[in-house]
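**Q** Handing you this structure, nothing more for now.
FYI, it's all coordinate maths here, none of it is from the lab. Keep in mind it's a predicted model, so treat the numbers as computed, not measured. Methodologically, a virtual Cβ is constructed for each residue, glycine included, from the backbone with ideal geometry; neighbour enumeration extends over all protein chains shown.
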Amino acid sequence: MTDLNTAGTPVVGVVMGSSSDWDVMQHAVAILKDFGIAHEAQVISAHRMPDQLFAYAETARSRGLVAIIAGAGGAAHLPGMLAAKTIVPVLGVPVPSKYLRGEDSLLSIVQMPKGIPVATFAIGEAGAANAALAAIAILATTDDALATKLEAFRVAQTNIALAMVLPL
Ligand code: RP5
C-alpha cells in the first residue's frame, strides 16, 4: 500500500523492504513531513516483489521523483537494485538486522561496485533522518524557500548545542 503524504505530486519516494523497517524509516518520513515535502512511502521488497521494484524504479523519474530513500536490512539489495534501474539519486538506509545489528545491511548497501552509486547513510534512525535531510538538501538547490528552512534547521541545532550544560 502506498501512503501519500503532504499535498502535491510526490518528489521524494520512501521505500523499505518490509513493514518491520518502519520503526527506523518513519524517522525519514517525519523529517519530510516537518519540511512539508510531498512524498510517498511504501513497502517494496527486492526479493519478494522484484517486478514491482523494477516498475517503481523505471517510472520514478517520469513520475517526478527527485530522490528515493530506500531502507532495507540483512542482504539489503533494495537500494542497489533501484539504483540499477533509475538515474534518480538513491539514498540508502541500512536497517538494523536481528543477528548482525545492521552491519550486514550497511556493507550490502555501501559496497556498490563502481558505476552505480547509492549514497549510504548511518545504520538506523540517524541514517533515516539524515537521508531525508540529504533529499531536502538536493531539493533546496533549486528552491530558495526550502534552502532558508534548511538553514534555519541548522541554526536551531547550533543553538541547542550552544545551550548545553554539563552536570559538573
Ligand atoms: C529485509 O529483510 C527487510 O528490509 C527487513 O529489514 C528484513 C526482514 O524482513 P521481515 O522478515 O521482517 O519482513 O528484506
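**Q** For segment 91-111, name all the residues that are of a type in the set (A, V, I, L, M), surrounded by 19 or more Cβ atoms within 10 Å (Cβ to Cβ) and touching a Gly at 6+ places or on another chain (Cβ under 8 Å).
**A** Step one: filter segment 91-111 for residues of a type in the set (A, V, I, L, M), giving 91, 93, 95, 100, 106-107, 109-110.
When the remaining residues are screened for being surrounded by 19 or more Cβ atoms within 10 Å (Cβ to Cβ), the result is 91, 93, 95, 106, 109.
Passing the criteria: Val93, Val95, Ile109.
**Q** Next up: Residues to consider are Ala76, Ala57, Ala38, Ala67; find the one that is of a type in the set (A, V, I, L, M) and over 21 Å from Val95 (Cβ atoms).
**A** Ala38
**Q** Please note which helices (runs of 4 or more DSSP H) are completely contained in segment 103-164 and include at least 1 residues that are within 15 Å of Val93 (Cβ to Cβ).
**A** Counting at least 1 such residues, we get 103-110, 125-140.
**Q** May I ask you to list the residues in segment 51-69 that are touching a residue at least 12 places away in the same chain (Cβ under 8 Å) and either surrounded by fewer than 14 Cβ atoms within 10 Å (Cβ to Cβ) or assigned to a loop (DSSP other than H, G, I, E, B) (or both)?
**A** Applying the first criterion (touching a residue at least 12 places away in the same chain (Cβ under 8 Å)) to segment 51-69 yields 53-54, 56-58, 60-61, 63-69.
Within segment 51-69, Glu58, Arg61, Arg63, Gly64, Leu65, Val66 meet the criteria.
**Q** Which of the residues belonging to segment 36-50 are away from the ligand (no atom under 16 Å from the Cβ) and of a type outside the set (A, V, I, L, M)?
**A** Gly36, His39, Glu40, listed by residue number.
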